[in-house]
Structure formats: structure tokens, C-alpha cells
Amino acid sequence: MNSITQKQRNIKNSSLLAIALLGAVSATGCTTLMIAGAAGAGAATVAYVQGDLELEVDSSAQNARRAAEQTLKSMEIEIRDSGSTGQTATVIGRTWDDRKVTIIAEPNDTGLLGISVRVGTFGDEKLSYDIGDGILDRLKQVS
């Protein structure tokens, strides 16, 4: 005799729904996606994925390197290394609490410039967005 009450059935269904939602959320990882307008530098796509802030802009690697350097200096982040070769550029810095900041700019398949910002080993979403905003603001001034 199957004597599952309606209340037990509702609890079971709610539990299954909660497990399914938890699985869907954990499968997406730590992903935030946002589209931002960057007047003068064209439209910028911004996404924070698994510890990296990814920007996509219409600019050159050299302009992005200069914008990254200026941003880090304004935030009092020590620049340890900076350079560019052809169409790619890299800026490496250290935060006040000794976390590595890595900024890499290189062309992507869409014909735009991809800029990656990573803070520390596991990423720091807020600081990455602050750095990304600074880079975008400075790129607007160049264009």
C-alpha cells in the first residue's frame, strides 16, 4: 500500500527542484556577464568568468597597455613588468597585499582586442572590475 501523503509528495518535489537548481547554478561556475557601453572606444563587452575579468574593446594593444599602466598607477598598484610585442601587450603588477595582477591584451577572433584582468590566484571580482573600469575610462580618452 503506497501511503505517501500530499505533504510528503510536495516536500519530495521541492527537494528535487532545489537539487536541480543547485546543480544548474554550480554548473555555471562563478560567472557574471554584463554589456557595457564605452563611448569613444566603441561598445565594450565585459564578463567575469572563473576569476578572470574579460573585456572586449575596439582598441590597440599599445593603447590598452598604456591605459592599464595608468590605471594601476592611479590605484597605487606597483607595476613590476610591462611590455608589448606586435599585437599583444602584458602588464604585471603587485597589490598592496602582495597579490599578482596580470593584464593581457591580444586580438581575438572577432577582430576586437581582448583584455584579460586577473588578480591573485583565484581572482578578486571587485578589484578586477575596478581595474577594468579604469582601463575602459582611459581608452575612451584615447579614442
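Here are the numbers for the structure shown:
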quantity	calculated
All positions within the stretch 39-55 that are at pLDDT below 95, within 16 Å of PRO107 (Cβ to Cβ) and surrounded by fewer than 22 Cβ atoms within 10 Å (Cβ to Cβ)	GLY42, THR45
Some residue of the stretch 86-109 being at pLDDT below 95 and either in contact with a His (Cβ under 6 Å, 6 or more places away or on another chain) or among the hydroxyl-bearing types (Ser, Thr, Tyr) (or both)	no
Boolean, VAL142 is among the β-branched types (Val, Ile, Thr), farther than 19 Å from GLN50 by Cα, in contact with a helix residue (DSSP H, G or I) (Cβ under 7 Å, 6 or more places away or on another chain) and surrounded by 17 or more Cβ atoms within 10 Å (Cβ to Cβ)	no
Residue identified as touching a strand residue (DSSP E or B) at 6+ places or on another chain (Cβ under 8 Å) and farther than 15 Å from THR71 by Cα among GLY86, GLY93, GLY114	GLY114
Per-region count, the stretch 56-73, residues assigned to a helix (DSSP H, G or I), crowded, with 17+ Cβ neighbours inside 10 Å and either touching a Cys at 6+ places or on another chain (Cβ under 7 Å) or touching a residue at least 24 places away in the same chain (Cβ under 8 Å) (or both)	9
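The values are calculated or read from the model by the stated rules, or taken from the named source; none is laboratory data. If you're wondering where the values come from, they're calculated on a predicted model, not measured in any experiment. Using ideal geometry, Cβ is built from the backbone for each residue, glycine included, and neighbour counts are taken over all protein chains shown.
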